[in-house]
Amino acid sequence: MDTMAAQLGKIILGSRSPRRAELLQLLIPAEQIEILTPANSVESGFQDAHTWREIERLVSEIARTKNDDVIQQLEDAGRTDYQAVLTADTVIVCLEPRQVDDKVATLHVLGQPHEEGDWQSEVRRWFKQYYFGRDHWAVTALCLIDSTGWLHESVVRTTVTFRRADLKLLDWYLSTKEPLGKAGGYAIQEAGSMFVESIEGSLTNVVGLPLESLNKLLKDCEIDTAMSKS
């Protein structure tokens, strides 16, 4: 174990996502990171959110609620051996044209596919209606609260453009079951990358943890990162 890292307080990551843990290790030594998942799952509640302001407010609230949950667990355990608690929430946002006039569109948030029932049909519809040949956005809210209680927040948006329709590739992709448990029904860091034509913004944001923005938040907390040392 790195002696210096062992002397520093832990960075508590409140997440069930192994990808977020892997990304955080690019900034913070693994031995300085502790995973503590929120005790309660947070419902999305995006059904009536159709503007950027509404969506970003809700995704920030979810990240903040996760953070409060983890901090309460730490307080209940009498823990003070940490520098900060980090939580995040990622959603996929797409444009849904209205049938009356395709020039007028409303934003629509896609969650994870429903595992019960015919999830393949659900994801197939998403690709056909929202993804193929079109832009969509990955939106991640970061919430970092340091040991003094100071709140640091950020919302990051990345534009993803998918290639034109390839139904054979889509059928194969659905057979891998990779879409299950993924926001928007695909994983850009895995086989889902085969559909991507271009990305504008942070790639790690699409995975679930925008490292550029997170590095700034950590620096604001006076926490050294691999980027700050290079």
Among the candidates Val93, Val70, Val42, which residue alone is within 14 Å of the chain's Cα centre (by Cα) and at pLDDT 95 or above?
-> Val93
2 or more residues over 28 Å from Gln120 (Cβ atoms), in contact with a Ser or Thr (Cβ under 8 Å, 6 or more places away or on another chain) and not hydroxyl-bearing (Ser, Thr, Tyr): qualifying helices (runs of 4 or more DSSP H) within the range 146-230 | 211-220
Quick one: in the range 14-30, of everything that is in contact (Cβ under 8 Å) with a residue 60 or more places away in the chain and within 13 Å of the chain's Cα centre (by Cα), which residue is nearest to Asp69 (Cα to Cα)?
-> Gly14
Assess whether Leu214 counts as being aliphatic (A, V, I, L, M) and without any contact (Cβ under 8 Å) to a residue 12 or more places away in the chain.
-> no
So which residues in the range 121-154 are among the β-branched types (Val, Ile, Thr) and surrounded by 21 or more Cβ atoms within 10 Å (Cβ to Cβ), if there are any at all?
-> Val123, Val139, Thr140, Ile145
Restricting attention to the range 12-49, which residues are touching a Ser or Thr at 6+ places or on another chain (Cβ under 6 Å), buried (at least 16 other Cβ atoms within 10 Å of the Cβ) and more than 21 Å from Leu151 (Cβ to Cβ)?
-> Leu23
Of the residues that sit in the range 50-64 and are among the β-branched types (Val, Ile, Thr) and surrounded by 16 or more Cβ atoms within 10 Å (Cβ to Cβ), which one is farthest from Asp81 (Cα to Cα)?
-> Ile55
For the range 130-155, which residues satisfy the criterion of being small (Gly, Ala, Ser) and either in contact with an Asp or Glu (Cβ under 7 Å, 6 or more places away or on another chain) or without any contact (Cβ under 8 Å) to a residue 12 or more places away in the chain (or both)?
-> Ala141, Gly149
Examine the range 72-80 for a residue that is closer than 22 Å to Val206 by Cα and either surrounded by 16 or more Cβ atoms within 10 Å (Cβ to Cβ) or in contact with an Asp or Glu (Cβ under 6 Å, 6 or more places away or on another chain) (or both), and state whether such a residue exists.
-> no
What residue, of Arg124, Arg164, is free of Cβ contacts under 8 Å to residues at least 40 places away in the same chain and either among the basic types (Lys, Arg) or in contact with a helix residue (DSSP H, G or I) (Cβ under 9 Å, 6 or more places away or on another chain) (or both)?
-> Arg164
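The values are calculated or read from the model by the stated rules, or taken from the named source; none is laboratory data. If you're wondering where the values come from, they're calculated on a predicted model, not measured in any experiment. FYI the Cβ positions are ideal-geometry reconstructions off the backbone, even for glycines, and counts take in every protein chain you see.
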